[in-house]
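**Q** Handing you this structure, nothing more for now.
Laboratory data are not the source of any read-out in this text; all were calculated from the coordinates shown. Keep in mind it's a predicted model, so treat the numbers as computed, not measured. Backbone-built Cβ (ideal geometry, glycine too); neighbour counts: all protein chains shown.
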Amino acid sequence: MSTAAQNPAPTASGSSLRVEHVEWNDPRAERLRADMDAEMSIRYAGRDAGKTPEQEAALHRALSVDPAGVFVTILISDADGVPVGHAALRDLRGDWEMKRVIVDSSRRGSGIGARLMAELEAAARAGGASRIILQTGDMQPDAVRLYERSGYTPIPTYDPYITTIPFSICFEKVL
């Protein structure tokens, strides 16, 4: 994937955003994913207590992303070049699954999440996808609101989350 910046677009607050398609291992993308991991560890603290090593390994596999299966990784930076949003689409058994949607906590509510969703959907359409699926957790009401506002509808929890993350909330959007 090339680093192809698109024209900056203003957000609801009037600042410009830069949208790039980057490699999964782009250091800026990795930094945002690490921030997300730290936030999710706090939100879901205690949920994994008592899991066996086999259950922990299954959870790790369910949450892992193989870079070879990633169709696109989108990074959004502000006018100063600071990364403020991230999302990716990967192949999950023939479906296009949205992964790692992140908006910097200090920038939530400014339109970055909606921009990420629009960029992901455009990339999926361009790639020939007929729908996008996604999984989030029950301790992420802000994410659920974003997906619902973006036209995603609830679907049953799908593998690999059925047994590994029983508190999953899953969605789809037909393109």
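**Q** Based on the Kirkwood radius over alpha-carbon pairs, what is the Stokes-Einstein translational diffusion coefficient of region 4-174 at 37 °C with 0.692 mPa s viscosity, in µm²/s?
**A** 198
**Q** Debye calculation, C-alpha points only, no solvent: report log10 I(q)/I(0) for region 31-130 at q = 0.09, 0.13, 0.21, 0.23 Å⁻¹, in the same order as the q values.
**A** Once normalised to I(0) and log-transformed, intensities are -0.27, -0.56, -1.15, -1.24.
**Q** Take His60, His86, His21 and order them by how many other Cβ atoms sit within 10 Å, fewest up front.
**A** Lowest count first: His60, His21, His86.
**Q** Here's a follow-up. Below 15 angstrom from the Cβ of Leu175, what's the summed charge of the other residues (Lys, Arg +1; Asp, Glu -1)?
**A** Charge balance near Leu175 sits at -2.
**Q** Sorting Trp24, Trp96 on the 10 Å Cβ count, fewest up front, what's the list?
**A** Trp24, Trp96
**Q** Same structure again: Determine, from the Cβ-Cβ distance of Arg125 and Glu148 and an R0 of 25 Å, the FRET efficiency 1/(1 + (r/R0)^6), rounded to the nearest 0.05.
**A** 0.75
**Q** To continue, here is another question. Go through Ala58, His86, Trp24 and say which Cα lies farthest out towards the positive end of the charge dipole of region 4-174; charges sit on Cβ, +1 for Lys and Arg, -1 for Asp and Glu.
**A** Working it through, the farthest residue towards the positive pole turns out to be His86.
**Q** If you don't mind, there's one more thing I want to ask. Taking 0.36 nm per intervening residue step and subtracting the Cα-Cα distance, what contour gain separates Ile155 from Val65 on full extension?
**A** 30.3 nm
**Q** Additional query: What's the local net charge at Ile133, with K and R +1, D and E -1, over the other residues with C-beta under 13 Å away?
**A** It works out to a net charge of -1.
**Q** In addition: To the nearest 20 debye, what charge dipole does region 4-174 have about its Cα centre, counting +1 at the Cβ of each Lys and Arg and -1 at the Cβ of each Asp and Glu?
**A** So the dipole magnitude of region 4-174 works out to roughly 320 debye.
**Q** Continuing with the same structure: Of the residues Leu89, Leu146, Leu32, which exhibits the maximal mean-square fluctuation in a Gaussian network model of the chain defined by a 10 Å Cα contact cut-off?
**A** Top of the fluctuation ranking is Leu146.
**Q** Where Lys and Arg each count +1 and Asp and Glu each count -1, what net charge lies around Val65 among other residues with Cβ under 10 Å from its Cβ?
**A** +2
**Q** Mind giving me the nanometre distance, one decimal, between the label points for Ser41 and Asp91, set 7 Å out from Cα along Cα→Cβ?
**A** So the label points at Ser41 and Asp91 sit 3.3 nm apart.
**Q** Charges on Cβ only, +1 for Lys and Arg, -1 for Asp and Glu, centred on the Cα centroid of the chain; of Met36, Gly46, Ala124, which one is farthest towards the dipole's positive end?
**A** Of Met36, Gly46, Ala124, it is Ala124.
**Q** Please order Met117, Met139 by the number of other Cβ within 10 Å, starting at the fewest.
**A** Met139, Met117
**Q** Between the helical axis of 53-63 and the dominant principal axis of the chain, each derived from Cα atoms, what acute angle in degrees is found, rounded to the nearest 10?
**A** Helix 53-63 sits at roughly 20 degrees to that axis.
**Q** Could you work out how far helix 27-43 tilts from the main Cα principal axis of the chain, as a 0 to 90 degree angle to the nearest 10?
**A** 50
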